[in-house]
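Coordinate-derived values only; no laboratory data. Everything numeric here is computed off the predicted structure, so don't read it as measured data. Cβ: placed from backbone, ideal geometry, glycine included. Neighbour counts: every protein chain shown.
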Amino acid sequence: MKSYSVKTIFIFTITMLCAAFFPANNYANEPVKGFADIHTHQMAEYAYAGAWFWGSHQGPEWEALGKCSGGSIFGGDHARTKIPVLNEFLGKGKLGTVGDTGVHYGRRWGYPFYTGWPRWDTIAHEQMWGGHLKQAYKSGLRLYVMSAVDFKPLCQLMPTKNMKYNYSCHEMTGIDRQLQAAKDWAETNKKWVQIAKTPEEARTIINKNKLAMILAIEVTDLFDNDDFNVKLDEYYKLGVRSIQLGHQLNNRFTGVAPHHFIFKIFQIIRYAGLGDFRMDDYNYLFNNNIKNPHGLTDEGRDFAKAMMDKHMVIDIAHMSEKAVGDLYKISVANNYYPMVLSHGHLREIMSKEKQKEEKTTPIEFIRMIRETGGMVGLRSGEEITLEYKPGDVPNDCDGSTKTFAQAYQYGTKGLKVPIAFASDFNGFIQQLRPRFGGKNETCGSSNDVKIIKSQIAKQKGRLGNSELDYNGFGHIGLEHDIIRELKNFGVDTTGLENSAESFIKVWERCYDNNRKSLATSDMDGSGIE
């Protein structure tokens, strides 16, 4: 029988005791807790040559969210295009929106009717200030996708004097600025936020009680005319892990889904400049009932496969229906590689008018997303929805959390697809309206004063002094209040509250070589009235 020294026995005993009482932390394999926002534009102040937004993602609140000049329709320090009449039009829409472009009537500091910002209807002021982001983190946000964004036509409409960054409207230059700003910000705030480059890193970051940031790109002229394999390698090394193949206009990779008429105008201008305007293009641009005939190009197919080789998250947002169908075939051929809709609307639950937009996502495409093991980021805009009867939440406050509840429950109870937030902050959308407070803006998406008054009278169950109740969904720090509202309505928010885990599981599936199709027979699109 072999004998052991006293020293060996002592070391073995201590080791076993340590293992028993102080087990090693397996951060990379443990499930995570917390919710996710899978589409934000935190660094958009650096987009459009710095000419559009006012405010900053960092710095003291009084400075980062400080007053802007307002000024005349011909001037000002931001959000003024070269076309005076357009300035007033861009910032105003349905009832209750006082606008934050143009001369800022009702929005400027010091005016008698000043209503402040950030607030739900802003499209030109910072909504992802670091202090508000930390507020969201403390309330349960554990993963967010920071999407670098740019759009050359908008930049070209801005006065040169407003451009802070080299007077350049080159989209990829704007993307580079935003990615660098994100890395700098993460380094400055490394005690509570960190960029994740793999699913394992994301799990480790979150299980160490930090906020995981994922870098993404959303742009029209992606990589210009450069070799996309070379550029993909470059941006992968920079930490980018998710890319949209298209944005607002058709590009070298894909056709896109038209929505707001202003982007249709930009598409017509682009075609006119290229001398490549066909009758089928005219048809889909001027008729909401005709879909974009452009799907994935040959380069688009190769690009999607290159992203799959790098285990990246492929984002189908903004892609035409034909392109999504093309990508689905590639996904199936590659063992059902996951398809992710980072920000979108579920078509059948939207108003009849909204359903006409190709950019809304029909049930058959949600089936593709589920079958491939993907997920959906649900936009938090102030659109009108139909009522989802099985959800048991009255649809009696248009454009508020009541309408968000209809879409969320249709997606989770009916379509049974994993859902995360997709706030799209700093992305030119007006957000969820307040349920209590200002004249007309409360429950005001219908633009019908009689309906608004009737809906306002039915509201009850305030959150207390929540900004969400009185100013709407104005900044990232209020995201958890939406969850609280949904719970007040009796909604099961388990999926939303654990959406960080859902996103990581989708990302992990990108690495799984043994993927198989997932069952979708339990989807039920009924119950909408």
Requested in this report: Pick out, from Tyr470, Trp54, Ser445, the residue whose Cα sits farthest towards the positive end of the charge dipole of the chain, with +1 on the Cβ of Lys and Arg and -1 on the Cβ of Asp and Glu.
Outcome: Tyr470
Query raised in the report: What shape does segment 429-529 have by the C-alpha gyration tensor, where a ≥ b ≥ c are the square roots of the eigenvalues, rounded means a/c under 1.5, and otherwise prolate means a/b greater than b/c and oblate the rest?
Result: prolate
Query raised in the report: Tell me, Thr97, Thr40 in order of fewest to most beta-carbon neighbours within 10 Å?
Result: Thr97, Thr40
Query raised in the report: Suppose R0 equals 60 Å; then what is the FRET efficiency for Lys237 and Glu63 from their Cβ-Cβ distance, rounded to the nearest 0.05?
Result: 0.95
Query - Signed unit charges on C-beta, dipole axis of segment 137-220, positive-most listed residue Gln178, Ile217, Thr188 - result: Thr188
Report summary line: Here the residues of segment 348-368 lying in the modelled label zone of Asn287, meaning backbone nitrogen under 18 Å from a point 7 Å along Cα-to-Cβ, are 356-359
Report summary line: For Lys191, counting only lysines whose alpha-carbon sits under 24 Å away and dropping same-chain residues fewer than eight positions off, the answer is Lys33, Lys134, Lys138, Lys183, Lys208, Lys210, Lys237
Report summary line: Helix 321-333 sits off the longest principal axis of the Cα atoms of the chain, rounded to the nearest 10 on a 0 to 90 degree scale, by 10
Query raised in the report: Exposure proxy check: Met213, Met172 ranked by fewest other beta carbons within 10 Å?
Result: Met172, Met213
Requested in this report: Multiply the residue separation of Asp448 and Lys329 by 0.36 nm, subtract the distance between their alpha-carbon atoms, and state the gained length in nm to one decimal.
Outcome: 38.4 nm
Query raised in the report: To the nearest 0.05, what FRET efficiency results for Leu518 and Glu299 with a Förster distance of 35 Å applied to their C-beta separation?
Result: 0.75
Query - Mean separation of Cα contacts under 8 Å, 6 or more apart, over the residue count of the chain: relative contact order % - result: 18
Query raised in the report: When the helices in the chain are scored as -39500 (n - 2.57) per DSSP H run of 4 or longer and the sum is shared across all residues, what 222 nm value do you end up with, to the nearest 500 deg cm²/dmol?
Result: -10000 deg cm²/dmol
Query raised in the report: Near Pro60, within a Cβ-to-Cβ distance under 15 Å, what is the net charge of the other residues, with Lys and Arg +1 and Asp and Glu -1?
Result: -1
Query raised in the report: Assigning unit charges at the beta carbon (Lys, Arg +1; Asp, Glu -1) and nothing else, what dipole magnitude in debye, to the nearest 20, does the chain show about its Cα centre?
Result: 1020
**Report entry** Cα gyration tensor shape of segment 209-280, rounded if a/c is under 1.5, else prolate or oblate by comparing a/b with b/c
**Finding:** oblate
Query raised in the report: Cα-based count: Lys pairs in segment 403-501 below 27 Å, eight or more positions apart or different chains?
Result: 14
Report summary line: Measuring from its Cα centre, segment 205-269 shows a charge dipole (+1 at each Lys and Arg Cβ, -1 at each Asp and Glu Cβ) which, in debye to the nearest 20, is 400
Report summary line: Scalar couplings 3J(HN,Hα) for segment 119-132 by Karplus 6.51 cos²θ - 1.76 cosθ + 1.60 (θ = phi - 60°), nearest whole Hz, x for Gly and Pro, are 8, 4, 9, 6, 10, 9, 10, 4, 10, 10, 4, x, x, 6
Query raised in the report: Once phi is turned into θ = phi - 60°, what whole-Hz ³J(HN,Hα) does the Karplus curve with 6.51, -1.76 and 1.60 give for every residue of segment 516-526, x standing for Gly and Pro?
Result: 9, 5, 9, 5, 10, 5, 8, 5, 9, x, 7
Requested in this report: Take every DSSP beta bridge whose two residues both sit in the chain, then give the antiparallel share in percent to the nearest 5.
Outcome: 15
Query raised in the report: Length gain on complete extension for the stretch Asp280 to Thr494, per 0.36 nm per residue less the alpha carbon to alpha carbon distance?
Result: 72.5 nm
Query raised in the report: Taking the Cα atoms only, what angle lies between the long axis of helix 479-488 and the longest principal axis of the chain, rounded to 10 degrees?
Result: 90
Requested in this report: Treat every Asp and Glu Cβ in segment 135-214 as -1 and every Lys and Arg Cβ as +1, leave all other atoms uncharged, and give the resulting dipole magnitude about the Cα centre to the nearest 20 debye.
Outcome: 340
Report summary line: In cubic angstrom per residue, the convex hull of segment 354-469 built on its Cα atoms measures 125
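Which of the three applies to the chain, rounded, prolate or oblate, going by the alpha-carbon gyration tensor with a ≥ b ≥ c and a/c under 1.5 meaning rounded?
Details: a/c = 1.43, a/b = 1.32, b/c = 1.09.
In terms of gyration-tensor shape, rounded.
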Requested in this report: Could you list Arg367, Arg509 in order of exposure, starting from the residue whose Cβ has the fewest other Cβ atoms within 10 Å?
Outcome: Arg367, Arg509
Query - Cα convex hull of segment 325-382 - mean projected area over all directions, nm² - result: 3.9
Report summary line: Rounded to the nearest 10 degrees, the helix 171-188 long axis (Cα) sits at an angle to the longest Cα principal axis of the chain of 50
